[in-house]
Structures are given as C-alpha cells and as structure tokens.
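Chemist: My questions all concern the structure below.
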Amino acid sequence: MAKTRYAPDRGLTTRMTLTMFLLGLVFVAFVIALIYLLGAFGVGSGAIAFFAIALGLGLTVGSFFYSDKIALSAARAVEVGPQDGPMAAKVHGIVDRLCALADMPKPRVAIARSPMPNAFATGRNAKKAVLCVTTSLMDGRLDDRELEGVIAHEMSHVAHKDVAVMTIASFLGIIAGLLVRFAFYGQLFGGGGRSNNDNNGGGAIVLLAMLAVGIVVYAVSFLLIRLLSRYRELAADRAGALLTGQPSALASALTKVSGEIARIPQKDLRAAEPLNAFYFAPALSGKAGASLATLFSTHPSLERRLQQLSEISEQLAK
Amino acid sequence: MGFLDTLLGRTKPVPPKLDDLFAVPTAAITLQAAMGLVPTGTGSVCFRAAEGRAFSDIEKDVRELLSMGSEAPQVEVTNDSYGFTWLVCRHSADDVGALVTDLHAVNSSLVDGGFGPQLLCTLVSFRNESGRRLGIVYLYKRGTFYPFAPLGDERRDNALELQVRGAVGADLKIEADLSRWFPVWGAPGL
C-alpha cells in the first residue's frame, strides 16, 4: 500500500467525540432530573413535561424529514437541471466531477437569488441532499477553483450527514427550550390554582424546578451544539480541501466570501441569520464582543479555518 | 463510509481501482466487430492536480516516463475549464494494449506517490466510419465503465450510449447507476 497523504486529524476527532459525549451526558442528566422531579412532587405537572417532549420530538422529526424543503423555501432557492442556463451547467459540471472523485451519489442542485455570496447543503441523507449556491457566488467574484472549493466543502457536509447529526443534537435543546416556556406559562396562569388540587401542593414548586432545570440544560446544550457545529465545519473544510487537493483555493474563497458578507447591509444579514447553521460562511451582524461571539458562533473563526487549511497545504506538499 | 466516520465527520479519500482497465482491449475488439467503432489510438487520464511541490514533481516524472518509452508515444498535457488535468497519450490505432499499458503507468505513478485519490477517470476514444465519436470512460473510484457519445453543442447521443452498453456489457463492468454517467464535454482526445 502506498503511503497516504490523507491522515485524519486525531485532535479534531477527539474534541468532537468529547463534545458529543458531553451532550449525551447532559441529556441523561436532564431525563434523570425530570423523573426525579415528577417522582418527588407527584405527577400533577407531568403533562407539561410530556407535552414539551412530544412537541420537541415532533419538531425534530419534522425538520429531519423536511430539512431540504424547509431550507430551500427559506432561501427561496429553485432546483435546476444541467440544461437550465450556463450557471446551472457550471455547478452541475463541478458537482459531477467531485462526485466521481469522492465516489458519492450526486445531490440535487439548486440556485438561490441572493446578494450574499454563499452556499449550503441540506437533506438528511445523500439521496435527499440538495446543494444550493447563491447567484452572487457565481457572478465572477470567485474563480473556478475557489468555487470548486466551496462546493467541495458543501459536499463534505452531505457525506458527513451533518444535517442529520445536527438535527439530532438539537433535539435536547428544543425540548429544554419548550419545557422552559411551558413551565413559565404554567407558573403565570395555572400554577397557584392547580396546586390546591394537588395532594402535596407541590405544583408550583415543580414548575419552578422544571424552569430551572430547563434553563440550565438549554444553556449548556446550546453551547455544546454550537461547539459541535464549529467542529463539523472544520471537518468539512478538511474533507473538502483534501478532495480537491487545493486547500489554498478554499482558503482564498473563504477570505473573499467572509469579506463580502461583512460588507453587505445589516437588513439582509438579519433576514438570513436563521439559516446560518447550514451556510458556508456565517452571516453574523457582528454585534457581540469577540470572545462571546466565538463561543456562540456556528462557524469557527476565519483565522482558525485558514490555519487548518494551511496545515493541510503543507501536508500535501511534503 | 461507516457509522463512526459519519458521526465523527471523517471522510476517507477513496483509493482508485486500477486493474479493470485491462479489459479495454477485449472490449475494443467487440466494439469494432459489433458496431463498427474503431479505436482512434488516443486515450487520456484525467486527474485533479493537488497544490504543492510533491504533486508537480510526480506529474513531471510521469511525463518523462511516458515520453521515454521505446516507441516514444506522443504525450500531451491539457487543463480543462474545471481545473482538471488531462494527460493524453497517442498510439497507433491498432495497438490498444500498449495504450492501456501507458495509461496504467500514469495511474500507478500517481498511486505510488500517494496521490491515488486525485484520479478522476480515464477515457479511450473510438470513431466509426461516418465520424460519430464515442468515449469509453473508466471511473477509478467505482472500477466501472460507461460510454459517452457527444454530439456537439453539449448534447449527447443517449441511444448510441445504450447500444454500446448492450454490446460491451459482457466485456466491461458497466456502471449500473445511470446518474453517474457524467458528461465529459470537451475532453481532449475525443
């Protein structure tokens, strides 16, 4: 066997494993806390927890199965075939070649009309995957190699099933968030009155405790999910750069796209923020302080991504 | 890709399968007998050049290796609009065996240098009396072949392609998934 130049990044793998382990740990702790609360104070408020979990499950399953349609319609993207104009032909040509290079099934291709140069991939598995680029990504700002780098990054997201992984990871946060909301409204409207009907009168306390547990779990899982998202981005950068063998082209695309995004007016940016988790480069409006923004961001900093790409470049040149 | 690789976001670059390429000379005989498609003696290897010194050194070695051969085949290097590099080898039309050996030499040099995953496809071209062109494309990562018949103007002759599939199905491992028969417009040597 010839030597390989494509060694996996063990540090990244370890950090990602640890993050997912912690997320699982928080989930277990959350379930235990809920069972304990309901057991200790009677199941009078069990309905709230039940509704939160049922609704959370429904939302997660929904976004799992309809992620492609939701994301495409949110971005107002239109699916295109290879014959639909020169722009579509070009994207299809690049995707065809990258698929053959990576031995993966071809995702569908969509184009969104947007002033923001960006791209995203969605769909729960390789068969359902859709790769979407914006019109301004294609208007000549990026040269062909940079465009290929961006598309290779998105195809790595598809190969890594990042939509499925992130949806499942978000499940915990969704439930905790719903529980907080339900417990809060229960406290406001029904807590006092209903507690009189309970034998131990613990309804209000249970709601308060649930509120507290929910807030803590939500906060912790939020940070962990964002951390996981940043690691997935780094993994996609890495896989994309190794696929094309051109880490520097991806790096220069990142620099250009990030620079362009920062220059776009605020209003467009805020409109696009909910989709961030799937985008190639984040459209943050840059309000929070630097350290806090890093902690909450779905994407690693530009410096971190460029650093990894230059390491890969060195590795390839050896 | 395994479950663990998915979970950890690791993609293993796919190593190429090389040996099936040697089935081409047999298929060439079949194509000539059954459909009147004659090899033109031209074949090419398409790969994605990686950046950096290591790859360009290997690329240079490959070119020297091919042009040093006893029969001195003509080797030509072109870059297509997608940034892929095509090494085109020309032989006499009746010697498909030697052509395939040359193409294989390119492949093994890249694999030995550690750049096997950069190989995209190889193409052996055919032509019939009325000038219809056909390429037999070999996908390295799948180890399968498919026919590609361009008509010009970015259209392809699907009828001819399916006919070829039927003719050489016994000689070559034909790619079963039609969505992977991607067009190689403007492939040099076709």
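Chemist: Here is a list of conditions, (1) modelled with pLDDT under 90; (2) more than 14 Å from chain B (Cβ to nearest Cβ); (3) at negative phi, and A:A317 meets all of them except one; can you say which number that is?
Modeler: (2)
Chemist: Being in contact with a Lys or Arg (Cβ under 7 Å, 6 or more places away or on another chain) and of a type in the set (V, I, T) narrows it down to one of A:T167, A:T122, A:T135, so name that one.
Modeler: Exactly one residue qualifies, and that residue is A:T135.
Chemist: Now a separate question. Going through A:G46, A:G62, A:G58 one at a time, which residue ends up being over 19 Å from the mean Cα position of the chain (by Cα) and either not in a helix (DSSP H, G or I) or not polar (S, T, N, Q) (or both)?
Modeler: Matching residue, one of A:G46, A:G62, A:G58: A:G46.
Chemist: OK, next. Only one of (1) closer than 20 Å to A:A251 by Cα; (2) over 26 Å from the mean Cα position of the chain (by Cα) fails for A:P82. Which number is that?
Modeler: (1)
Chemist: If I filter the stretch B:76-86 for residues that are within 30 Å of B:A159 (Cα to Cα), at pLDDT 90 or above and in a loop (DSSP other than H, G, I, E, B), do I get at least one hit?
Modeler: Yes, the conditions are met somewhere in the stretch B:76-86.
Chemist: To continue, here is another question. Which numbered condition trips up B:L99, out of (1) more than 9 Å from chain A (Cβ to nearest Cβ); (2) within 24 Å of A:V91 (Cα to Cα)?
Modeler: Failed condition: (2).
Chemist: Same structure again: Collect the residues in the stretch B:168-182 that are away from chain A (no Cβ under 14 Å), in a loop (DSSP other than H, G, I, E, B) and either on the phi > 0 side of the Ramachandran plot or surrounded by 11 or more Cβ atoms within 10 Å (Cβ to Cβ) (or both), keeping them in residue-number order.
Modeler: Hits for the stretch B:168-182 are B:G169, B:D171, B:L172, B:K173.
Chemist: Related question: Looking at A:A102, A:A176, A:A88, A:A112, which one is outside the structural domain of A:V216 (by TED's automatic domain parsing) and over 23 Å from B:S81 (Cβ atoms)?
Modeler: A:A112
Listed here are the residues, each with its yes/no results for (1) surrounded by 20 or more Cβ atoms within 10 Å (Cβ to Cβ); (2) of a type in the set (V, I, T); (3) within 25 Å of B:Y138 (Cα to Cα).
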| position | (1), (2), (3) |
| --- | --- |
| A:I53 | no, yes, no |
| A:S63 | no, no, no |
| A:S67 | yes, no, no |
| A:A75 | yes, no, no |
| A:V80 | no, yes, no |
| A:L98 | yes, no, yes |
| A:S114 | yes, no, no |
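Chemist: Pairs please, first residue from the stretch B:5-18 and more than 7 Å from chain A (Cβ to nearest Cβ) and touching a residue at least 24 places away in the same chain (Cβ under 8 Å), second anywhere and surrounded by fewer than 20 Cβ atoms within 10 Å (Cβ to Cβ) and hydroxyl-bearing (S, T, Y), Cβ atoms under 9 Å, 6+ apart in sequence or on different chains.
Modeler: Listed by first residue and then by second, the contacts come to B:P15/A:T4; B:K17/B:T144; B:L18/B:S108.
Chemist: Just checking, which of B:R132, B:R127, B:R156 is within 14 Å of another protein chain (Cβ to nearest Cβ) and surrounded by fewer than 23 Cβ atoms within 10 Å (Cβ to Cβ)?
Modeler: After ruling out the rest, the residue left standing is B:R156.
Chemist: Among the numbered criteria (1) under 15 Å from the mean Cα position of the chain (by Cα); (2) facing chain B (nearest Cβ under 9 Å); (3) surrounded by fewer than 24 Cβ atoms within 10 Å (Cβ to Cβ), which one does A:I168 miss?
Modeler: Of everything listed in (1) under 15 Å from the mean Cα position of the chain (by Cα); (2) facing chain B (nearest Cβ under 9 Å); (3) surrounded by fewer than 24 Cβ atoms within 10 Å (Cβ to Cβ), A:I168 misses just condition (2).
Chemist: Please enumerate the residues belonging to the stretch B:155-167 that are farther than 24 Å from B:R90 by Cα, assigned to a helix (DSSP H, G or I) and not basic (K, R).
Modeler: Within the stretch B:155-167, B:N158, B:A159, B:L160, B:L162, B:Q163, B:G166, B:A167 qualify.
Chemist: Among the candidates B:E51, B:E64, which residue alone is within 14 Å of chain A (Cβ to nearest Cβ) and free of Cβ contacts under 8 Å to residues at least 24 places away in the same chain?
Modeler: B:E51
Chemist: Those residues that are facing another protein chain (nearest Cβ under 9 Å), surrounded by fewer than 21 Cβ atoms within 10 Å (Cβ to Cβ) and among the β-branched types (V, I, T), I need them from the stretch A:224-259; list them, please.
Modeler: Within the stretch A:224-259, no residue meets the criteria.
Chemist: For A:L38, indicate whether it is surrounded by fewer than 16 Cβ atoms within 10 Å (Cβ to Cβ) and over 30 Å from A:T135 (Cβ atoms).
Modeler: So A:L38 fails the test.
Chemist: Looking at the stretch B:109-123, which of its residues are more than 7 Å from every other protein chain (Cβ to nearest Cβ) and free of Cβ contacts under 8 Å to residues at least 60 places away in the same chain?
Modeler: B:S109, B:G113
Chemist: On the given criteria, is A:S63 among the hydroxyl-bearing types (S, T, Y), away from chain B (no Cβ under 14 Å) and in contact (Cβ under 8 Å) with a residue 40 or more places away in the chain?
Modeler: So A:S63 passes the test.
Chemist: Turning to a different aspect of this structure: If we keep just the residues of the stretch A:143-165 that are buried (at least 21 other Cβ atoms within 10 Å of the Cβ), at the interface with another protein chain (Cβ under 9 Å from one of its Cβ atoms) and more than 24 Å from A:L223 (Cα to Cα), which is modelled with the lowest pLDDT?
Modeler: Applying the filter and picking the extreme gives A:A159.
Chemist: Mind listing whichever residues of the stretch A:92-132 are outside any loop (DSSP other than H, G, I, E, B) and not aliphatic (A, V, I, L, M)?
Modeler: A:H92, A:G93, A:D96, A:R97, A:C99, A:R108, A:F120, A:T122, A:C132, listed by residue number.
Chemist: What is the one condition in (1) without any contact (Cβ under 8 Å) to a residue 40 or more places away in the chain; (2) touching a Phe, Trp or Tyr at 6+ places or on another chain (Cβ under 7 Å); (3) aliphatic (A, V, I, L, M) that A:V150 does not satisfy?
Modeler: Looking at each condition in turn, A:V150 falls short on (1).
The values are calculated or read from the model by the stated rules, or taken from the named source; none is laboratory data. Small disclaimer: the values here were computed from a predicted structure and weren't measured. Using ideal geometry, Cβ is built from the backbone for each residue, glycine included, and neighbour counts are taken over all protein chains shown.
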